[in-house]
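Quick notes on the structure that follows.
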Amino acid sequence: CLISLNAYAEGGMVDVITQTVKAKMPGQPTALIDATIQAEINKVVSPHAWKGSDGWNGKPPFKFSLAVNFILSMGQFGSAFGSLVFNRACDFMGAKIPMLICLGMG
């Protein structure tokens, strides 16, 4: 699920958990707040979420809503580009060959 993979994006689930825990635990020791935040993150966030590695901070390059929709949007752009290419191919050589290619039979 893209939502759980983008949990560390700005405005994502990790930010919401952090803000909520800090708001509900005013005046508590920082170590307790940090431990509670980490426990909540471990319960909710996928262990496969992009959270960083050596040399890269790992957060998606966009804020949460765009990070979730970016991959889906790129698929739509790819579909539009493919439609343009195969439209030209149909005009050039007829519809049969491009249709067979699109259906995976060519």
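The values are calculated or read from the model by the stated rules, or taken from the named source; none is laboratory data. As the structure is a computational prediction, the values presented were derived from the model and not from experiment. Here Cβ is always computed from backbone atoms with ideal geometry, including for glycine, and neighbour counts include all displayed protein chains. In case anyone asks, the SASA skips ligands and DNA or RNA and just uses the protein heavy atoms, side chains included. Shrake-Rupley method; radii C 1.70, N 1.55, O 1.52, S 1.80 Å.
Each residue in segment 60-94 was checked for being assigned to a loop (DSSP other than H, G, I, E, B) and open to solvent by 70 Å² or more (accessible area, probe 1.4 Å), and 1 of them qualify. Applying the condition of being in a loop (DSSP other than H, G, I, E, B) and more than 13 Å from K63 (Cβ to Cβ) to segment 10-26 and asking which residue is most open to solvent (accessible area, probe 1.4 Å) yields P26.
Considering (1) under 14 Å from Y8 (Cβ atoms); (2) polar (S, T, N, Q); (3) at pLDDT 85 or above, the lone condition that S79 does not fulfil carries the number (1).
In this structure, is I97 surrounded by 11 or more Cβ atoms within 10 Å (Cβ to Cβ), under 15 Å from the mean Cα position of the chain (by Cα), in a helix (DSSP H, G or I) and at pLDDT 75 or above? Can you show your working first?
Details: surrounded by 11 or more Cβ atoms within 10 Å (Cβ to Cβ): yes; under 15 Å from the mean Cα position of the chain (by Cα): no; in a helix (DSSP H, G or I): yes; at pLDDT 75 or above: yes.
It is false that I97 is surrounded by 11 or more Cβ atoms within 10 Å (Cβ to Cβ), under 15 Å from the mean Cα position of the chain (by Cα), in a helix (DSSP H, G or I) and at pLDDT 75 or above.
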